[in-house]
Amino acid sequence: MQFIKGHGTGNDFVILPDPDNQLELTAELVAALCDRRRGIGGDGVLRVVRAAKHADGADLAGEAEWFMDYWNADGSFAEMCGNGARVFVRYLLEADLATPAGVALPVATRAGLVRARVEGDVVAVEMQRPRVYDASTATLGGLTLTGAAVDVGNPHLVCALPAGLELSGLDLTRAPEFDAALFPAGVNVEFTAPGEPVDGADEHTLMRVYERGSAETLSCGTGACAVAAVALHDAARDTGTVAVDVPGGRLTVTVTDSSCWLAGPAVLVATGEVAPTALRP
Ligand SMILES: N[C@@H](CCC[C@H](N)C(=O)O)C(=O)O
């Protein structure tokens, strides 16, 4: 089985080209591929399949040739992955499966159609405008933080750290507790602190994230969009640009009246063959 490894600000993925949907991809195989000691290692899997050939992409086949079949590292599905979409587009271009330059390249996802633009190292994807819709709490190591629930196609809970606490002091080796009634399918939890002013951005926020299905990651694109939406909301703005610093680098999020652009580097770092039978269990 051919694979490619890529990442966007350290959020890393195993990419599986499967244009005609012939791979028997299971939750167990995904978890084995993402295992960092016994497999290739990754925060998730991106299967590259023609939209027309996948039940979850077929409705969008008239608008996009390719469907991003995204799986979390534990083998669960997610509706959307912002960094995954950026890495997916980098792969399509490098594999000559799409043409770049100026045009917005459509990609089908479980959360609908996204469009990408590529400029050098930077891949930007246009996703749905994040919706800040409720208040809730997350509890981590005895510390309960208030936060905002945000829908970016997938669920997020954005919690600002109180003054005096540092992001680096959080123990994210264990999952934060959250309100399962508000988030019955689980939630990605972002922890934030304010950043210094940055040229070209209206707001600047630092974040760490504990992702549903992948644990702590170095970056989360949809998480950055959720964080940006909350930063703008707190600043009484409807639209604007927010620099979001994650442990793996910087993402730039621009919220418009109708959508949300997520921009940052996306690179492919390796390619190879893997034998599923050699993986665990
Ligand atoms: N890292 C991703 C989000 C991946 C999905 C998430 N773990 C979920 O289950 O919703 C991103 O860059 O957006």
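The values are calculated or read from the model by the stated rules, or taken from the named source; none is laboratory data. Here the structure is a predicted model, which is why all the values come from computation and not from measurement. With ideal geometry, Cβ positions are generated from the backbone for all residues, glycine too; neighbour counts draw on all protein chains shown.
At a glance:
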| read-out | value |
| --- | --- |
| Scope the range 8-25; condition over 16 Å from Glu211 (Cα atoms) and within 18 Å of the chain's Cα centre (by Cα); matching residues | Val14, Ile15, Leu16 |
| Filtered residue count, the range 11-29, keeping only those that are surrounded by 15 or more Cβ atoms within 10 Å (Cβ to Cβ) and either within 13 Å of the ligand (Cβ to nearest atom) or β-branched (Val, Ile, Thr) (or both) | 5 |
| Test for Glu273: is it surrounded by fewer than 17 Cβ atoms within 10 Å (Cβ to Cβ) and assigned by TED's automatic domain parsing to the domain that holds Asp96 | yes |
| Residue satisfying all of: in the range 41-59; buried (at least 20 other Cβ atoms within 10 Å of the Cβ) and hydrophobic (A, V, I, L, M, F, W, C); farthest from the ligand (Cβ to nearest atom) among these | Ala51 |
| Single residue of the range 188-231 satisfying the filter (closer than 18 Å to Ser168 by Cα and part of a loop (DSSP other than H, G, I, E, B)) that is nearest to the ligand (Cβ to nearest atom) | Cys220 |
| When residues of the range 139-178 are limited to those that are assigned to a loop (DSSP other than H, G, I, E, B) and within 16 Å of the ligand (Cβ to nearest atom), the one surrounded by the fewest Cβ atoms within 10 Å (Cβ to Cβ) | Ala175 |
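Yes/no matrix, rows are residues, columns are (1) among the charged types (D, E, K, R); (2) closer than 25 Å to Asp12 by Cβ:
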| residue | (1), (2) |
| --- | --- |
| Asn188 | no, yes |
| Gly200 | no, no |
| Glu203 | yes, no |
| Leu206 | no, yes |
| Tyr210 | no, yes |
| Gly213 | no, yes |
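Every residue, every condition in (1) free of Cβ contacts under 8 Å to residues at least 40 places away in the same chain; (2) of a type in the set (Ser, Thr, Tyr), yes or no:
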position: Ala180; (1), (2): yes, no
position: Ala193; (1), (2): yes, no
position: Gly213; (1), (2): no, no
position: Ser219; (1), (2): no, yes
